[in-house]
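Below: the structure, in structure tokens.
The values are calculated or read from the model by the stated rules, or taken from the named source; none is laboratory data. Nothing here was measured: the structure is a model prediction, and the numbers come from that model. When we count neighbours, we look across all protein chains shown, and the Cβ atoms used for this are built from the backbone with ideal geometry, even at glycine. Protein only, heavy atoms only, side chains kept; ligands, DNA and RNA dropped before computing areas. Shrake-Rupley method; radii C 1.70, N 1.55, O 1.52, S 1.80 Å.
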Amino acid sequence: MPSFEKSPPELIARFDEVAGRFGQAQRRKMFGYAALFVGGNLATNLFADTWTVRLGPADLEAMLALPGAKPFSPMPGRSMSGYATLPPDMIHDDAALDTWISRAIAFAASLPAKR
């Protein structure tokens, strides 16, 4: 498995602050990074110095239309379908961030539960 850079401590602290507002999601780690799961399905996570969300097709399209948003690619040329990287400036905007995390959690909740 490739070695990935760790998330900055301030980003992890921000993730935990925001995660505390979403009691229906479980905080776990995914490949060593902070993540929120609903019904065993990943909703949002950190990856190095980025924050990603898993969204349904319409929300994903809307997210990717925002300045600074981009498809999530854990490795160059390897974008993951259904995932986007949040625009960096959104990470400090509670209202915008909560809106998109809520959408990601709703999408994860709509998927069949995993054990």
Report task. Taking the options 7, 79, name whichever one is in contact with a strand residue (DSSP E or B) (Cβ under 6 Å, 6 or more places away or on another chain), of a type in the set (Gly, Ala, Ser) and open to solvent by 20 Å² or more (accessible area, probe 1.4 Å). Result -> 79
Report summary line: Going through the range 40-69 in order, the residues found to be exposed (fewer than 15 other Cβ atoms within 10 Å of the Cβ) and either within 15 Å of residue 15 (Cβ to Cβ) or under 12 Å from the mean Cα position of the chain (by Cα) (or both) are 48, 49
Query raised in the report: Of all the residues that make up the range 72-92, how many are small (Gly, Ala, Ser) and either in contact (Cβ under 8 Å) with a residue 60 or more places away in the chain or touching a Cys at 6+ places or on another chain (Cβ under 6 Å) (or both)?
Result: 0
Requested in this report: Within the range 92-111, work out how many residues are surrounded by fewer than 17 Cβ atoms within 10 Å (Cβ to Cβ) and either under 15 Å from residue 47 (Cβ atoms) or out of contact with any strand residue (DSSP E or B) (no Cβ under 8 Å at 6 or more places or on another chain) (or both).
Outcome: 10
**Report entry** Set 38, 53: member being in contact with a helix residue (DSSP H, G or I) (Cβ under 6 Å, 6 or more places away or on another chain), β-branched (Val, Ile, Thr) and in contact (Cβ under 8 Å) with a residue 60 or more places away in the chain
**Finding:** 38
